[in-house]
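Quick notes on the structure that follows.
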Amino acid sequence: MREILEAESRAILAIPVTEDYARAVEAIVERVHRRGGKLVTSGMGKAGQIAMNIATTFSSTGTPAVNLHPSEAQHGDLGVVQPNDIMLLISNSGKTREILELIELLRRLYPAGIPIIAITGNIDSPLGRLADIPLWTGGAPEVCPLGLTPTTSTTMMTVIGDVLVVNTMKAIGFTAEDYARRHHGGYLGSAARAACAGENHDK
């Protein structure tokens, strides 16, 4: 167990930190908060589940986001994408057929272009080259003994998603009160309302 934890920890610490993260946050703020668009995430398989989680986390923290299944996009769901939106596409290999086809469909629908942020384990892949802002996981090997099952790669994708969410929250000045208005139920809703009450009491 410790070996697995250490391997994944090393992989996270080795994620390349580049100016592309600041560019990605600025692009999200520009498209969503200044132009009134939304963030549209997409991925296939395990990457798709992470894309969905990133979308819901963005939505609950003040940045409207939806997840688009790349296969369903070919059967009409592409209509959810609007001119001021921005895409976040996830593929560890950067060669996922459905994701590359999604880019082609997007360019047919909006020839002027929809900005694409990509999270990938292969920066030199087709996805890495097609993306406006490619974010490289570093490509650390999977901890799976077969070297096949998405394990380390999915951890790094999730962490990169968290980085984007948190830095976007900071960029838009998202507060506990803002959070409470979007997340009323459960423990987190109660905690957010308590934090708001504390802030108001201090004032």
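The values are calculated or read from the model by the stated rules, or taken from the named source; none is laboratory data. What you see is a predicted model, and the numbers here were worked out from it, not measured in a lab. Glycine gets a Cβ as well: all are built from the backbone with ideal geometry, and neighbour counts include every protein chain shown. In case anyone asks, the SASA skips ligands and DNA or RNA and just uses the protein heavy atoms, side chains included. Shrake-Rupley method; radii C 1.70, N 1.55, O 1.52, S 1.80 Å.
Determine the distance separating the Cα centre of segment 118-164 from the Cα centre of segment 12-51; give it in Å without decimals.
13 Å
Using 1/(1 + (r/R0)^6) with R0 = 22 angstrom and r between the beta carbons of residue 175 and residue 19, what's the FRET efficiency to the nearest 0.05?
It comes to 0.20.
Length gain on complete extension for the stretch residue 60 to residue 163, per 0.36 nm per residue less the alpha carbon to alpha carbon distance?
35.6 nm
Kindly report the accessible area of the chain per residue (heavy atoms of protein chains, probe 1.4 Å, no ligands, DNA or RNA), in Å².
Using a 1.4 Å probe on heavy atoms only, each residue of the chain averages 53 Å².
To the nearest 500 deg cm²/dmol, what mean residue ellipticity at 222 nm is calculated for the chain from DSSP H runs of n ≥ 4 alone, each contributing -39,500 (n - 2.57), summed and divided by the residues?
About -15500 deg cm²/dmol.
For segment 34-96, what is Rg from Cα atoms divided by 2.2 N^0.38 Å, rounded to two decimals?
1.08
Using +1 at the C-beta of Lys and Arg and -1 at the C-beta of Asp and Glu, which of 96, 63, 138 has the Cα lying farthest in the positive direction of the dipole of the chain?
Ranked along the dipole, the leading option is 63.
Please report the net charge: other residues with Cβ closer than 14 Å to the Cβ of residue 23, K and R +1, D and E -1.
Counting the neighbours of residue 23, the net charge comes to -4.
Hey, which aspartates and glutamates would be in cross-link range of residue 46, C-alpha to C-alpha under 19 Å, not counting anything within fewer than 8 residues on its own chain?
Counting by Cα, and skipping residues close in sequence, residue 46 has these aspartates and glutamates nearby: 8, 72, 98, 101, 142, 162.
How high is the relative contact order of the chain, in percent, with contacts defined as C-alpha pairs under 8 Å that are six or more residues apart?
Result for the chain is 22 percent.
Dipole of segment 104-180, Cα-centred, from +1 at each Lys and Arg C-beta and -1 at each Asp and Glu C-beta, to the nearest 20 debye?
240 debye
With a 1.4 Å probe and all protein chains left in place, how much of the accessible area of the chain comes from carbon and sulfur atoms, in whole percent?
That fraction is 56 percent.
Magnitude of the Cβ-charge dipole of segment 82-139, K/R +1 and D/E -1, about the Cα centre, nearest 20 debye?
So the magnitude is around 100 debye.
What FRET efficiency, computed as 1/(1 + (r/R0)^6) with R0 = 41 Å and r the Cβ-Cβ distance, is obtained for residue 191 and residue 71, rounded to the nearest 0.05?
0.65
What is the percent of Cα-Cα separations in the chain that go past 25 Å?
The proportion of pairs with Cα distances above 25 Å equals 40 percent.
From the P(r) of segment 69-141, can you give the percent of Cα pairs sitting at distances over 17 Å?
For segment 69-141, the share of Cα pairs beyond 17 Å comes to 39 percent.
What is the local net charge at residue 42, summed over the other residues whose Cβ is closer than 14 Å to its Cβ (Lys, Arg +1; Asp, Glu -1)?
-3
Given Cβ point charges of +1 (Lys, Arg) and -1 (Asp, Glu) and nothing else, what value in debye, to the nearest 20, does the dipole of segment 18-171 about its Cα centre take?
In total the dipole reaches around 200 debye.
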